[in-house]
1. Would you tally the net charge around B:Thr19, using a Cβ to Cβ cut-off of less than 12 Å, leaving B:Thr19 out, and scoring K and R as +1, D and E as -1?
2. Given R₀ = 45 Å, FRET efficiency for A:Asn9-A:Arg106 by Cβ-Cβ distance, to 0.05?
3. Before rounding to the nearest 500, sum -39500 (n - 2.57) across all DSSP H runs of length at least 4 in chain A and divide by the residue total; then give [θ] at 222 nm in deg cm²/dmol.
4. Starting with the fewest neighbours, write out B:Lys84, A:Lys65 ranked by other beta-carbon atoms found within 10 Å of each beta-carbon.
5. Please work out how much length the chain gains when fully extended from A:Glu46 to A:Asn152, using 0.36 nm per residue of separation minus the C-alpha to C-alpha distance, in nm with one decimal.
6. Mind checking A:57-66 for the average number of partner chain beta-carbons within 10 Å of each residue's beta-carbon?
7. How many nm separate the modelled label positions at A:Asn68 and B:Val79, each set 7 Å beyond the Cα in the direction of the Cβ?
8. Taking neighbour counts of Cβ atoms within 10 Å as a proxy for exposure, in what order, fewest first, do A:Ile38, A:Ile125 appear?
Amino acid sequence: MREVVIERNLIYLQDFPSVRAVHYFQQRDIVSFLAEYIIDWSLSVEIKPSTVARLSWNRMKDVVKIANDELLRLEQDTKLIFDGLDVLIGSKGRVHLMPNHPLLVRYAERLRVCLPAVDNECNLITLPSGNNIETMRYDDFVLIEAIITAKNHALEKEQKRNNRR
Amino acid sequence: MGLFASTDTIRLYITEKGTVTEKETDIWVDVLKELPVSVAKTLQQSFGKPKVEYKDGEQVITIEDLETLPVDFLARVIVGWSEKEAVTPQNIAKMRHDVARNLYQKLTTIYQIE
């Protein structure tokens, strides 16, 4: 979790917004979004939509900006993620990405957790984060999607090659 | 100052020409001093769904209904006024457009809304 201090109050946020938080964010339901995104705080009240609704927007918009910037960066990296993983997985180790490739620089840590979560038949066998799909980190969700797409693509190429023989 | 929005109000005066002024007049509205997150949500959902495009690596957001005044938002921030009728979205919608527009612009300054 990440820590933010606002008006001398500690607020603990998800490391990366979850799938459910992003759903609320995209619906522009910032009350439900903040209630999901904030996992703990130093206030003596429960974190729930009715409490979050009463918070000052001026003091909370920096929290929303943190999530917005991260989601924007992920959105801009989507093509990089899908193309990079297609090369990495499709080549079966014949092609290596340079260590300073943006995909590895930005996502190596999450790839370490996400790559083993998908088996060779493109099944999600374990969750890289969270207790279910909705509570999974959204960046993990995108990475898993890209891994499954790349593995499916590699399988199709393999099948075509085998059919030709 | 904590994290919660203050429930205090401030009084804004309206001139005959429809502009917002600090000078006392017979026409006034009392608005929330601070914007709670719930009202910010009402404002964000007031406008139509934005269209997101990328130009030169920059995100450009177009909101089609930008000219429409957010009546529900105004009904939530206005807690009282000099009129006899209650502050409701239906009565806000009957306001003079120039008054409502000037009031909204003043509120965006007070609440630091972009």
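1. On the way: positive: B:Lys17, B:Lys23, B:Arg96, B:Arg101, B:Lys106; negative: B:Glu16, B:Glu22, B:Asp98.
After counting each charged neighbour, the total is +2.
2. With a Förster radius of 45 Å, E is 0.90.
3. Numbers: 7 runs with 93 residues, N = 165.
Computed mean residue ellipticity for chain A: -18000 deg cm²/dmol.
4. B:Lys84, A:Lys65
5. On the way: separation 106, 0.36 × 106 = 38.16 nm, distance 4.42 nm.
Residue separation times 0.36 nm, minus the Cα-Cα distance, leaves 33.7 nm.
6. Average per residue, whole number: 5.
7. Modelled inter-label distance: 2.6 nm.
8. Arranged by neighbour count, lowest to highest, A:Ile38, A:Ile125 become A:Ile125, A:Ile38.
The numbers here are math on the coordinates, done by the rules we state, and not lab data. Since the structure is predicted, the reported quantities are computational estimates derived from the model, not experimental observations. Neighbour counts are summed over all protein chains in view; Cβ atoms, including those assigned to glycine, are modelled from backbone coordinates with ideal geometry.
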